[in-house]
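The values are calculated or read from the model by the stated rules, or taken from the named source; none is laboratory data. Computed from a predicted model, the values in this text were never measured in an experiment. Positions of Cβ are backbone-derived with ideal geometry, glycine not excepted, and every protein chain shown enters the neighbour counts. Ligands, DNA and RNA are excluded from the accessible area calculation, which covers all protein heavy atoms including side chains. Shrake-Rupley method; radii C 1.70, N 1.55, O 1.52, S 1.80 Å.
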Amino acid sequence: MSTAMNFSSKSFTPRPPDKGAFPLDHFGECSAFKERFMECLRQSGYESAACRQSAMAYLECRMDRRVPQLMANEPLEKLGFKDLINEKSEEKPKKS
């Protein structure tokens, strides 16, 4: 038996994922942040929850480097760091 495929029907247009993939950092602009995050992972036995501060700093670096567009600017709350942002604001002394 022969099976024939009809390729003339709808064409598929690939689309990049909304989150989770971004261009490589060819110039190493955020490599220091990445290394701190990787070192934290190694020290914590690859428990990512222990390294959330490092992860947040790395993503902030990616978003701040707009020239090569390493990552689209996204509120950190949407990336799962709302609790860490609240901690930062509580640590700051209140102005009187």
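What to note about this one:
- Total residues in region 29-49, condition part of a helix (DSSP H, G or I) and either open to solvent by less than 40 Å² (accessible area, probe 1.4 Å) or of a type outside the set (K, R) (or both): 12
- Qualifying positions in region 50-96 - at pLDDT 75 or above, farther than 16 Å from E29 by Cβ and open to solvent by 90 Å² or more (accessible area, probe 1.4 Å): Q53, E77, K78, K82
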